[in-house]
Amino acid sequence: MAFNHGVTTSERATSVLSTASVSAGIPIVFGTAPVNQTGLTKAPVNTPVLVNSYAEAVNAFGYSDDWKSYSLCEFINAYFQLNGLKPAILVNVLDPSVHKTVVAAASKNVVDKAVTILDSSVIHDDTLTVKSSDAATSYAKGTDYTVAFDSDGNTVISIKPGGAIPSGVSALSVAYTKLNPSVIDADDIIGGMDVGTGLVTGLELVNQVFPRYGLVPGLILAPGYSHNPTVAAVMVAKAGNINSTFTAFALTDMPTDTLKRYTDVPAWKNINGYTSALQVPLWPKASKGGKQYHMSTHIACAIGVADAANDGVPVASPSNKSLVIDAAVLADGTEVFLGPDQANFLNSQGIMTVLNFVGGFKAWGNYTGAYPASTDPKDVFMSIRRMFIWAKNSIILTYWSQVDNPATPRLIETITDSINIWLNGLTASGYLLGGRVEFNAADNPITDLMAGKFNFQIYITPPGPAQELAFKFEYDAAYLETLFG
């Protein structure tokens, strides 16, 4: 031991651990995008990309108003532009090297020394060729003309001064290759892993988010595809087992082309298995300014707004929260007008919908798909289910660092004290009605302790939604006495 003469001091690690921050509502969204327009070095294909703004999303994935072909653009518009939210993780499954169509050479009119192709899918590669209108003369890119996208994603071929293209030419022959999003189907969204190459695609990429970004996905979406029961089932499976550690929540749409009457929706939900506590079945679609959105897109936005108002804690249900829409619609554009009776019927079957009753269009419904088969509050109320998910993910991130430390009374004390302080803080803030952690002998038999397994019991009670406010009125004749002063 070193010799000391005088007073010495030292420090040891704080016994109470600060809880890790987990954002419960970060969405990971699977779909298609016009990645031929990407500003990145390489088009993002089956790669989770974290974006924090509309500009970042458009730079990475391009943009088109053809949302039927490019489903991610619907989400980009609603999430970043209409609701001003961030961040999101987007996954495009459309591969320009595979999902493409060759467009044969055709004569295009030259207007103001440029040819404009009104198509956001044109791929700007070597397959884009420009020749004279009779196809006798070929022209060189960069020397005779330039190619660029305009603000609408259209391809503009501009004639360069001093090049070989004659001044005053009225037409040019243009051939190119373009994206073919129509070939993308449920299998592409579901994805998998190529045994030979190890390449991971589709929903399997949920497991790459935390290793890439240190973020836990909170919501899983696939607007335009989640009405497919197989896609929805895989979404729920992935939500329940991220990296064999974390949990998320799936927002699953239901068809609006075959399901046109609200009374038919519950039977479809049950037959097709939209009944998990980790999902919310959604019907119908939404519309804003004539543009159709899938409900999952706008419910993700409502969840994001509600979470942001509570410091990222998912204590509030998105139900009865405003949606930035002006109609509820079917796939063919027919408007759906639900009153409280019809909307509540859907709610009673574990289906969230849209209600335009007081204060404009609102999300309406608190239940997960598990209702009414289950009545356990932690499984049937969306906000309570998400609070449990958020609390579990927070505990995992916070106490992962304690794994493999010496199992001493100090370790147990550090963990229990830290969790109780955290739960007390959540209770004081109104995010919990109460909570505690216990380390009990009855839960920890000697055989478990010898095997290095330590069991902590956590009790939490998140506040449920005030779903029904009942006011009883009575005529009180005693107030007639006021007539006599």
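Per-residue Karplus couplings for region 286-302, computed as 6.51 cos²θ - 1.76 cosθ + 1.60 with θ equal to phi - 60°, are listed in order as 10, 9, 9, x, x, 9, 8, 10, 6, 4, 4, 4, 6, 5, 4, 5, 4 Hz, Gly and Pro entered as x.
Take 310-320, 167-177, 97-107 and order them by the average number of nearby Cβ atoms within 10 Å per residue, most first; the result is 310-320, 167-177, 97-107.
The calculated 222 nm mean residue ellipticity attributable to helices in the chain amounts to -6500 deg cm²/dmol, summing -39500 (n - 2.57) over DSSP H runs of n ≥ 4 and dividing by all residues. Rounded, prolate or oblate: which fits region 250-332, taking a ≥ b ≥ c as square roots of the Cα gyration tensor eigenvalues, rounded meaning a/c under 1.5, else prolate when a/b beats b/c? It comes out oblate by the Cα gyration axes.
What's the ranking of 44-57, 227-240 by average number of surrounding C-beta atoms within 10 Å, highest first?
Output ranking for 44-57, 227-240: 227-240, 44-57.
Paramagnetic label reach from Ala441 (point 7 Å along Cα→Cβ; backbone nitrogen cut-off under 20 Å): within region 399-416, residues 407-414, 416. Model label points for Ile421 and Ser322, set 7 angstrom from Cα along the Cα-to-Cβ axis, are 4.0 nm apart.
What FRET efficiency would be calculated for the residue pair Val102, Asp65, taking the C-beta separation as r and a Förster radius of 22 Å, to the nearest 0.05? Step by step, r from the Cβ atoms, then E = 0.35.
What is the angle, in °, between the Cα long axis of helix 229-239 and the longest principal axis of the Cα atoms in the chain? Nearest 10 is fine, range 0 to 90. The angle comes out near 50 degrees.
Can you give the FRET efficiency for Ser53 and Ser348, using 1/(1 + (r/R0)^6), R0 = 41 Å, r = Cβ-Cβ distance, to the nearest 0.05? Efficiency, from the Cβ-Cβ distance: 0.55. With the simple spin-label model, which puts each label point 7 Å out from Cα in the Cβ direction, the Ala136 to Ala331 separation comes to 5.1 nm.
Computed from Cα positions, the angle between helix 382-399 and the longest principal axis of the chain comes to roughly 80 degrees. Scanning residues 5 or more positions from Met254 or on other chains, those with amide H under 5 Å from its amide H are Leu282, with H placed 1.01 Å from N in the peptide plane.
Note that region 336-343 has calculated 3J(HN,Hα) couplings of 10, 10, 9, x, x, 5, 5, 5 Hz, one per residue in order, obtained from phi through the Karplus relation 6.51 cos²θ - 1.76 cosθ + 1.60 (θ = phi - 60°); glycine and proline are x.
Using the Cβ-Cβ distance between Ser167 and Thr129 with R0 = 30 Å, the FRET efficiency computed as 1/(1 + (r/R0)^6) comes to roughly 0.90.
Highest first, please rank the peptides 464-475, 352-363, 293-304 by the mean number of other Cβ atoms sitting within 10 Å of their residues. Numbers along the way, then the final one.
Details: 464-475: 7.8, 352-363: 19.2, 293-304: 27.5.
Sorting 464-475, 352-363, 293-304 by mean packing, highest first, produces 293-304, 352-363, 464-475.
Backbone amide hydrogens, once placed in the peptide plane, bring Val329 within less than 5 Å of Lys285, Ala286, Ser287, Val336, excluding anything fewer than 5 places away on its chain.
In the chain, the longest principal axis of the Cα atoms and the axis of helix 409-428 are about 70 degrees apart. Placing +1 on each Lys and Arg Cβ and -1 on each Asp and Glu Cβ, with no other charges, gives region 219-337 a dipole about its Cα centre of roughly 100 debye. Remark: region 305-313, residue by residue, has Karplus-estimated 3J(HN,Hα) of 5, 5, 5, 4, 6, 10, 6, x, 8 Hz, where x stands for each Gly or Pro and the curve is 6.51 cos²θ - 1.76 cosθ + 1.60 at θ = phi - 60°.
Placing a label point 7 Å from the Cα of Asp152 along the Cα-to-Cβ direction, the residues of region 61-81 whose backbone N falls under 13 Å of that point are 64-66. DSSP beta bridges fully contained in the chain are about 75 percent antiparallel. Under 5 Å between amide hydrogens, built in the peptide plane, is the criterion, and for Asn241 it picks out Ala248 among residues at least 5 positions away or on other chains.
We did not get these values from a lab; they are worked out from the coordinates using the rules stated. Treat the numbers as computed from the prediction; the structure is a model and nothing was measured. Using ideal geometry, Cβ is built from the backbone for each residue, glycine included, and neighbour counts are taken over all protein chains shown.
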